[in-house]
Amino acid sequence: AVIGRYKLSVQIGSSSPASLGNFVLLFNPWSSGDDVFLPNKAECEEYVLEEFGIIFAGNKNHISGFGWNFGQFQGDILNICLSIMDRSLYYRQDPVTDVAHRHDPRYLGRVLSAMVNANDDQGVVLGNWSGKYEGGKNPSSWTGSGEILQSWKKSGFKPVKYGQCWVFAAVLTTVLRCLGIPTRTITNFSSAHDADGNLRVDEFYDADGNHLERGADSIWNFHVWNESWFTRNDLGPSYSGWQVLDATPQEESGGIYQCGPASRYAIKEGEVDLDYDCPFVFAEVNADCMYWNYDSATGKKTLIFSKSTEIGASISTKAVGRDDRVDVTSDYKYEEGSAKERDTFKKARKKLGLEDKFDPTAPTQEEIEQKPDISGKFKVAGSLEVGKDLNLLLVLENLQSDAKTVNVNMTAWSTLYTRRRVNEIWKDSISVTLAPKEEKQFPVKIKYPEYQQQLTTDKTIQVTALCHVEDGIQVLVQRNITLDNPAIDIQVLGEAKVNKEVVVEVAFTNPINTEVKDCVLQVEGSDLLQGILELRIPPLKASEKSSTKFKLIPSEAGPKHLLVNFSCDKFADIKTFKMVNV
């Protein structure tokens, strides 16, 4: 049966039918005959009924997580989800055929992956990766899907400004859980965006070590997509189970911005010729990385090095029934560096016709096999916190048995989480001589006042050292750093009971030696309060502590989550959450 609104009436004998009212039919993951049947009850609870989630972010060296209020059973959300289906391009072009396909989670997953982004169809959320968010909300300021879906409806279905990957994934989670399809968010660290479909990501640097915006390929610190659980009658039983859907508008598929469902099993096995969008998802977790030096004067590019183990690290999702991270990397690919993983990569290349075709942009085997004379890495020395100086060590090691002279050009840029450069923070160059097999450390200090004005709300900095070895090949040393916000603390003062007031206290201490102002506290939580509570807080002097109290009246018993977001002129979107047992 197709999901959606039905009229129910009863007819007795030959009298005219009497209406009993309307009902909404949804998918049923508890029913063994349903395409979305999920045999594990605890997983049904988590992936359909749970209104709170944790989305993982940061970078592969430093994973952090923040809470999200999916809120799929609140207020008007079901009606909004049904109206999303009726506004898709598929429905507008051929309503009869579209509705006839609404029994199929495959079809709906694909349609909704297109509708959650605003591209093509005036869908729910408009993406913005410019670092400038005038005329809308900064993507990192949202704490739940409810406000976004309600705004979309209230504005007469105009796209809500603005989203980035986790916003698209979180809204799609809300919509699919609301319709009864088990769904979760997945974070992939060092995620490849392979725009030209060659399973290779090319990154370019100039002689000073500046990362150049050349070509459409990119590597994101992290990317968030969805997995939904259903059978793949079109592919066969081994391809059923978790399916990848991605509502972030990255590449067109079938002429519009939609992605999936791609069978996770097909991705792991390199079966990239199967529907839908397997090559793109396969590249996100498996692409090989090529780092090039590009000379804009001559147009000449030289390979610095290539890496096949860089992409697709620490693939993460929230645990069932617990607020913890679970690593699912091994469900997407065989172990990095293993023969099986390389064989799968070759199989995928072959299926895409990349093995036999000459690629003039690819590096030669000779270039790939060249060995550098030195190695380098950036080590973090001290804490990574907004408001504190950033202390790093550049460690260089001579791998050869003769002395080497190295000229090092270093830069630090503030970036978005997609590694797009926004502002230059610092640069320096040094010349060093390394004795045979010698290792040396060079301290790098970037003071808070140097980076404070330049930092984006993603709080990410890319530090690069391009090492020019005399009579040797260049070595690129790079580190993407995500800074942590200072902490914020929530206390529930007393016992939380249904329909009884309970006081909550939120405390924040200003960690820097200047005043912070324009302080705003945003609070939300399904079944704990209606909508979003916004509180203005007076300015805080250096090291001053603020304590804000407010009341909740819980409407339902059980474990509920309260989400808090604090912002001021020096710190953006300090998030935390607390489980409240009602």
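The values are calculated or read from the model by the stated rules, or taken from the named source; none is laboratory data. Note that this is a predicted model, so its numbers are computed, not measured. Cβ sites come from the backbone with ideal geometry, for glycine too, and all protein chains shown count toward neighbours. Surface accessibility is based on the protein's heavy atoms, side chains included, excluding ligands, DNA and RNA. Shrake-Rupley method; radii C 1.70, N 1.55, O 1.52, S 1.80 Å.
Helix-only arithmetic for the chain: the sum of -39500 (n - 2.57) across DSSP H runs with n ≥ 4, divided by the residue total, places the mean residue ellipticity at 222 nm at -4500 deg cm²/dmol. Annotation: amide H-H contacts under 5 Å for G241 (H modelled 1.01 Å from N, sequence separation of 5 or more, or interchain): F230, T231, R232.
In a simple Cβ point-charge model (Lys, Arg +1; Asp, Glu -1; nothing else charged), region 369-482 has a dipole of about 440 debye relative to its Cα centre. Where the accessible area of region 41-352 is counted over protein heavy atoms with a 1.4 Å probe, how much of it, in %, is carbon and sulfur? In region 41-352, the share of accessible area belonging to carbon and sulfur is 49 percent.
Summing Cβ point charges (Lys, Arg +1; Asp, Glu -1) relative to the Cα centre of the chain gives a dipole of roughly 1380 debye.
Shown here for region 411-503: trypsin sites (Lys or Arg not before Pro) in loop regions (DSSP other than H, G, I, E, B) with at most 16 other Cβ atoms within 10 Å, namely K437, K447, K497, K500.
Coupling constants for region 284-299 follow from the phi torsions by the Karplus curve (6.51 cos²θ - 1.76 cosθ + 1.60, θ = phi - 60°), and in residue order they are 4, 9, 10, 4, 7, 10, 10, 10, 10, 9, 10, 9, 5, 5, 9, x Hz; glycine and proline get x. Of the residues Q454, F222, V444, the one whose Cα sits farthest toward the positive end of the charge dipole of the chain, with +1 on the Cβ of Lys and Arg and -1 on the Cβ of Asp and Glu, is Q454.
With a Förster radius of 51 Å applied to the beta-carbon distance between H101 and E470, the computed FRET efficiency rounds to 0.20. Each residue of region 41-49 was assigned a 3J(HN,Hα) from its phi angle through the Karplus curve 6.51 cos²θ - 1.76 cosθ + 1.60 (θ = phi - 60°); the sequence is 4, 4, 6, 4, 4, 6, 8, 10, 8 Hz, with glycine and proline shown as x.
Within the accessible surface of region 488-581, defined with a 1.4 Å probe on protein heavy atoms only, the carbon and sulfur portion equals 47 percent. Amide H contacts for V201 (H built 1.01 Å from N in the peptide plane; partners 5 or more residues away or on another chain; cut-off under 5 Å): D288, C289, M290. Annotation: amide H of C519 within the under-5 Å range of I537, sequence separation 5 or more or interchain, hydrogens built in the peptide plane. Sparse packing (at most 14 other Cβ atoms within 10 Å of the Cβ) combined with a DSSP loop state is found for the following trypsin sites (Lys or Arg not before Pro) in region 540-572: K541. For region 488-581, the dipole from Cβ point charges (+1 on Lys and Arg, -1 on Asp and Glu) about the Cα centre works out to 160 debye, to the nearest 20.
Placing a label point 7 Å from the Cα of L393 along the Cα-to-Cβ direction, the residues of region 420-459 with a backbone N closer than 14 Å are 439-445. Net charge of the neighbourhood of K517, taken over other residues with C-beta under 9 Å away and scored Lys/Arg +1, Asp/Glu -1, is -2. Note on the chain: dipole from Cβ charges, positive end direction compared against V36, G353, Y6; the farthest Cα belongs to Y6.
In order along region 558-572, the Karplus-derived 3J(HN,Hα) couplings, from 6.51 cos²θ - 1.76 cosθ + 1.60 at θ = phi - 60°, round to x, x, 10, 10, 9, 10, 10, 10, 10, 9, 8, 5, 9, 10, 10 Hz, and Gly and Pro are given as x.
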